[in-house]
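Read through the structure below, which is laid out as structure tokens, and then see the notes.
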Amino acid sequence: MEELHSVPAWKETLVTRIIQICGYSSILFVILILYFLLSEGLPALWKADLNSLFSTRWYPTESYFGIWPLIFGSLFVTLGAGLVSVPLGIGTAVYISEVAPSWTKEILKPLVELLAGLPSVVLGFLGIQVLVPFMRRFFDLPTGLTALSGAILLGMISIPTMVSVAEDALNTVPKSYREASMALGATRWQTIWGVTLPAAKSGVITAVLLGMGRAMGETMAVMMVTGNAPVMPQGLQTIILPIRTMTATIASEMGEVAAGSVHYSVLFLIGIILFIISLVVNVVAFTLTSRKTTRSERLLS
Amino acid sequence: MRKRRLIPQQAQKIGFAGLSLLSLITVIPIIAIVIYIFIQGTPAISWEFLTGMPSNGMKSGGLWPAIIGTFYLTVGTAIFSVPLGIAAAIYIAEYAPNNQWTRLIRIAIINLAGIPSVVYGLFGLGLFVVFLNFGTSILAASLTLSIMTLPVIISTTEEALRAVPTSFRVVSISLGATRWQTIKRVVLPQALPGILTGVILGLERAAGETAPILFTGAAFFLPQLPHSMFDATMALPYHLFVISTQVPGMPIQIQYGTVLVLLLFVLGMNIAATLIRSRARARRQW
């Protein structure tokens, strides 16, 4: 047997320190990211005309930097993605956690994980090859590069997040809740609707939030299939028209701008907006779930 | 009485059918995508396709520089993110007191996990490419991908560490081992399969990403392989983006072949992670 040597105290302290520093590194990275976004992006507020910035026209080569079409483009596609992913994602999570026999679970879970691992360019590529031509023929459009194509792909991309978070939430509902409900004569279906889902409510909302956040931040797939036309969404027919998101704007234009130019700063400003949205979504999701645990801890103590 | 009982049961039947239908709509496209890519891509795969340089404006020849580039980027990402991520997870799982600072670390990690990949690209451009003057390079792209991968590695490692029963630690410490000795010789070996799974899944995501490397290290086309970590590189996902959207008249077979190679790369890592996990589960001693 290997002998345990006594470790000199200084070495133990050193290792502990290093591990502690690594532990805190995440905070440092968030601060660094925020700092670089702000230092490159905030100057846009005085370098670009504010009237231009908050207008509805994005045409950078003519110095029109209206960010509204991009913000609404992102919101529009994300909501569309939600219409696809919320029923499918939450439905799949409920099915896996509450209904499916274990052999079905063993098939479904790795498949959803596989979808999470598919690079978004791969989905974007298949979008161009399969989905876009289909859209064009189905709706008889001049182009199939539409908000709808983007929404469908983003819906697929956000499903794995929703499934795994919602399934975790459903799994943490104590078994006794379900047993009590069944003992009172409720069917399994009534138990799911009346007991399990309400008990896991905050977790399910978290799942929807995180999934939608994921969709909002997605870049490549949405850039490849939405046609990238920076126009304001005008009612429902926009769904079959080209649209452009904030992420796609950054990805497609950052490569061509000179560092420090107005256009460069405005693209970083859009990055700040994306950062703030993801910050809000994640902090809300975090407080929702941590409040849930403290409440259940109180109940148990 | 009978009537009242019958209706909930019918509702249950319809409800369960609906749920299984939703699950089917979710997974059938996934299976279809994989099969379709295999069918369309396999004819393009050949030795020259995998190991040749692109030629004729990328319209013929092979993928070698893109494959090597993705390999370099994945290894580069691993070098930075694996030690840092595991150490951070050890701190959170084994050392961190339950206070506001630890809560702040948690919020920071959750935040890092939520930041859009293209915003990581902006950050990498600002810090590594411009401020630290690494240029668009393998180094800058790997560092950017590392920070993006960090939250995945931290959270899966933390979970693996927490799964090791407390009694293991108690026994080790009561035998006179220090905290670090306990972690190094008892906790880490037990948690290793879980950690490996998390690391592979994190790197899988990094290998498939395009947006973070767009302005930090990816090259449209390079006539030769990168010589050092300060060179830009081609990469499979970015190459796929380029040939499917930026090069007109690209032969469709080459495009599907590229998708298949990328899919195999990702699928291989996915299967490795699944195997490690299931083997570890079968062997688990507690």
Using amide H atoms built 1.01 Å from N in the peptide plane, name the residues 5+ places from A:Tyr64, or on other chains, whose amide H lies under 5 Å from its own. A:Tyr59
At each listed q (0.10, 0.22, 0.24 Å⁻¹), what is the log10 of I(q)/I(0) that the Debye formula gives for segment B:116-212 modelled as equal alpha-carbon point scatterers? -0.41, -0.97, -1.09
For the protein assembly as shown: Kirkwood Rh in Å [reciprocal of mean 1/r, alpha carbons]: 25.5 Å
Alpha carbon centroid spacing (whole Å) that separates segment B:75-125 from segment B:158-218: 13 Å
Provide, in order from the shortest bin, the percent of all Cα-Cα pairs of segment B:232-286 in each 5 Å bin, continuing until the bin that contains the maximum pair distance. 4, 17, 18, 15, 11, 9, 8, 7, 6, 4, 2, 0
Order by accessible surface, 1.4 Å probe, largest leading, for residues B:Arg179, B:Arg106 comes to B:Arg179, B:Arg106
HN-Hα J couplings of segment B:245-254 from phi, Karplus 6.51/-1.76/1.60, θ = phi - 60°, integer Hz, Gly and Pro as x? 10, 9, 10, x, x, 6, x, 5, 5, 5
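What percent do you get for the relative contact order of segment B:62-283 when only Cα pairs under 8 Å and 6+ apart count? Can you show the working numbers first?
Values: 282 pairs, mean separation 65.6, N = 222.
For segment B:62-283, the relative contact order is 30 percent.
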I want to check the label-to-label distance for B:Ala11 and A:Glu256. Put each point 7 Å from Cα in the C-beta direction and report it in nm to one decimal. 5.7 nm
Averaged over B:34-40, how many beta carbons belonging to a partner chain fall within 10 Å of each residue's beta carbon? 2
On average, how many beta carbons from a partner chain sit within 10 Å of the beta carbon of a residue in A:208-217? 2
What's the local net charge at A:Val195, with K and R +1, D and E -1, over the other residues with C-beta under 13 Å away? +2
Using only the alpha carbon atoms of segment A:22-112, find the Kirkwood hydrodynamic radius as the inverse mean reciprocal pair distance, in angstroms to one decimal. 17.7 Å
Write down the Kirkwood hydrodynamic radius of chain B, to one decimal in angstroms, obtained as one divided by the mean of 1/r over all alpha carbon pairs. 21.8 Å
Reachable aspartates and glutamates from A:Lys105, Cα under 19 Å, same-chain residues fewer than 8 places away excluded? A:Glu113, A:Glu167, A:Asp168
Which aspartates and glutamates does B:Lys59 reach when only Cα atoms under 15 Å apart count, and residues fewer than 8 places away in its own chain are ignored? B:Glu48
Please give every one of the aspartates and glutamates within straight-line cross-link reach of A:Lys47, meaning a C-alpha to C-alpha distance under 16 Å, and leave out same-chain neighbours fewer than 8 residues apart. A:Glu62
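For chain A, what relative contact order do you get, as a whole percent, if you take Cα pairs closer than 8 Å and at least 6 residues apart? Don't jump to the answer; show the numbers that get you there.
Working: 392 pairs, mean separation 79.4, N = 301.
Averaging sequence separation for qualifying contacts and normalising by length gives 26 percent for chain A.
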Nearest 500 deg cm²/dmol is fine: what mean residue ellipticity at 222 nm does the protein assembly as shown get from its DSSP H runs of n ≥ 4 alone, each adding -39,500 (n - 2.57), divided by its residue count? -23000 deg cm²/dmol
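How crowded by other chains is A:187-194, given as the mean number of beta carbons from other chains within 10 Å of each beta carbon? Working shown, then result.
Working: counts 10, 5, 11, 5, 1, 4, 3, 0.
So the per-residue partner count for this stretch is 5.
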If one builds a Gaussian network model of chain B from Cα atoms under 10 Å apart, the most fluctuating residue listed among B:Ser244, B:Ser172, B:Ser137 is B:Ser172
Between B:Gly61 and residues 5 or more places away or on another chain, the pairs with built amide H atoms under 5 Å apart involve B:Ser55
When the Karplus curve 6.51 cos²θ - 1.76 cosθ + 1.60 is applied with θ = phi - 60°, which whole-Hz ³J(HN,Hα) does each residue of segment A:18-25 get, with x for Gly and Pro? 4, 4, 5, 4, 4, x, 7, 4
FRET efficiency for A:Asp168 and A:Glu62, using Cβ-Cβ distance with R0 set to 45 Å, rounded to 0.05: 0.35
Averaged across orientations, what area in nm² does the convex hull of the alpha carbons in segment A:44-300 project? 17.0 nm²
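Using a 1.4 angstrom probe on the protein heavy atoms only, line up A:Lys201, B:Lys59 by accessible area, largest first. Don't skip to the end; give the middle numbers.
On the way: A:Lys201 130, B:Lys59 80 Å².
Final ranking, largest accessible area leading: A:Lys201, B:Lys59.
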Whole-Hz ³J(HN,Hα) from phi, Karplus 6.51 cos²θ - 1.76 cosθ + 1.60, for segment A:229-234, glycine and proline x: 9, x, 10, 5, x, 10
In angstroms, what radius of gyration and Dmax does segment B:90-159 have, counting Cα atoms only? 14.2, 41
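Hey, with R₀ at 56 Å, roughly what FRET efficiency would A:Val283 and A:Glu12 work out to, going by the Cβ-Cβ distance, to 0.05?
On the way: r = 36 Å, r/R0 = 0.64.
For R0 = 56 Å, the calculated efficiency reads 0.95.
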Return the single residue from A:Gly144, A:Gly91, A:Gly73 with maximal mean-square fluctuation; model: Gaussian network over chain A, springs between Cα atoms under 10 Å. A:Gly91
Which of B:Ala218, B:Ala66, B:Ala108 moves most in a GNM of chain B, Cα contacts under 10 Å? B:Ala108
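The values are calculated or read from the model by the stated rules, or taken from the named source; none is laboratory data. Computed from a prediction, not measured in an experiment: that's the story for all the values here. Cβ sites come from the backbone with ideal geometry, for glycine too, and all protein chains shown count toward neighbours. For the accessible areas, the whole protein counts, side chains as well, though only heavy atoms, and no ligand, DNA or RNA atoms are used. Shrake-Rupley method; radii C 1.70, N 1.55, O 1.52, S 1.80 Å.
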